[in-house]
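One structure is given below, encoded as structure tokens.
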Amino acid sequence: MNELPRWRQIELTLLKEIDSGAFRVGQKLPGENVLAPHFGVTRTTVRRALGELQNKGVLRIERGRGAFVERRIQYGLGAGSSFMANLRDASLEPAVEILAKFEVSASTEIANRLQIPIGEPVLVIDTVGKASDLTISVSRHHLPLRLFPDALNRISSFSCITEVYRLFGYENTRRTHCHIEARLPSSEEARRLEQPKTEPILEVESVKMIDQTPIDYSIGRFSAARVSVYFDN
């Protein structure tokens, strides 16, 4: 496996430090003259890493003053928005890791959201979402199996849930329900999101539709320190 370039390694290290709370929004990072010997590289290499972080909206570099932590990832929740599109718009590379997938009988809540009978088979997919190797979300998707036949065996990996929809012939989905709530994470959520339990998360419930048919009821939990969620309808 090819080793990442040093500037990329430094970029990821600084991202993780910002994510951990070592540097807060508005805080100034150590200067190039400090970071270069710290990482054992030239100032040019450090400058490349800082420039990449600025391009991704993580830092703001002010001439003569230094680099400051700028803002969170901007994540739009529109009728047709997707995980992949949001991150690529921010020049970040999306990736999804499947944690688990299993079948359940629809509970009252799931049945109501998907407009199916209580007890109907549903495929549950638990995932972790990443932006250029930075963990930003954990999600649970509920797909009615009558619309996704043999999905348990057919779905092995994807970089965005939209790819799953397309695998079964569903194009041009739209979001028709969205509810956002801020709260503290459980121990498991904090572990999955790689964040302290004392930092809040944003829980986003939504339903994706094809025409008038719900095809996915999802619950996404985002790190509030890394993501700013907004409506772009």
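Residues of the range 206-233 with the amide nitrogen closer than 16 Å to a label point 7 Å from the Cα of residue 177, along Cα-to-Cβ, please. Output list for this probe position: 206-220.
Axis of helix 6-20 versus longest Cα principal axis of the chain: the two differ by about 70°, to the nearest ten degrees. The 3J(HN,Hα) values that the Karplus relation (6.51, -1.76, 1.60; θ = phi - 60°) gives for the range 155-168 are, in residue order, 9, 10, 7, 6, 9, 6, 4, 4, 5, 5, 4, 5, 4, 9 Hz. Gly and Pro appear as x. Largest first and in whole Å, the equivalent-ellipsoid semi-axes of the range 166-233 read 28, 13, 10, each the square root of five times a Cα gyration tensor eigenvalue.
Dipole size of the range 73-231 about its Cα centre, with +1 on Lys/Arg Cβ and -1 on Asp/Glu Cβ: approximately 80 debye, rounded to the nearest 20.
When the Cα gyration tensor is reduced to axis lengths a ≥ b ≥ c, the ratio a/c stays below 1.5 for the range 6-69, which is therefore classed as rounded.
Please get the size of the charge dipole for the range 6-69, origin at its Cα centre, with Cβ charges of +1 on Lys and Arg and -1 on Asp and Glu, quoted in debye to the nearest 20.
Once rounded to the nearest 20, the dipole reads 160 debye.
Express in whole angstrom the spacing between the alpha-carbon centres of the range 76-99 and the range 131-176. Centre-to-centre distance over Cα atoms comes out at 12 Å.
With the convex hull drawn around the C-alpha atoms of the range 85-150, the volume per residue stands at 103 Å³.
Evaluating 6.51 cos²θ - 1.76 cosθ + 1.60 at θ = phi - 60° for every residue in the range 205-216, the Karplus couplings come out as 9, 8, 10, 9, 10, 10, 6, 10, 10, x, 10, 7 Hz, glycine and proline recorded as x. Counting only aspartates and glutamates at least 8 places from residue 197 when in the same chain, those with an alpha carbon closer than 14 Å to its own are 19, 188, 189.
When the Cα positions of 180, 164, 153 are compared along the charge dipole of the range 133-180, 180 comes out farthest toward the positive end, with charges on each C-beta of Lys, Arg, Asp and Glu. In terms of distances greater than 25 angstrom between alpha carbons, the cross-link table entries 101/208; 101/130; 56/130; 56/101 yield 56/101.
Rounded to the nearest Hz, the phi-derived 3J(HN,Hα) couplings of the range 114-127 under the Karplus curve 6.51 cos²θ - 1.76 cosθ + 1.60 (θ = phi - 60°) are 8, 6, 10, x, 4, x, 5, x, 9, 8, 9, 10, 9, 9, where x marks glycine and proline.
Rounded, prolate or oblate: pick one for the chain, where a ≥ b ≥ c are the square roots of the eigenvalues of its C-alpha gyration tensor, a/c under 1.5 means rounded, and failing that, prolate if a/b is larger than b/c, else oblate. Prolate.
Read-outs throughout are calculated quantities, based only on the coordinates presented, and are distinct from any laboratory measurement. Since the model is a prediction, treat every value here as computed from it, not as a measurement. Note that we place each Cβ from the backbone using ideal geometry, even for glycine, and neighbour counts take in every protein chain shown.
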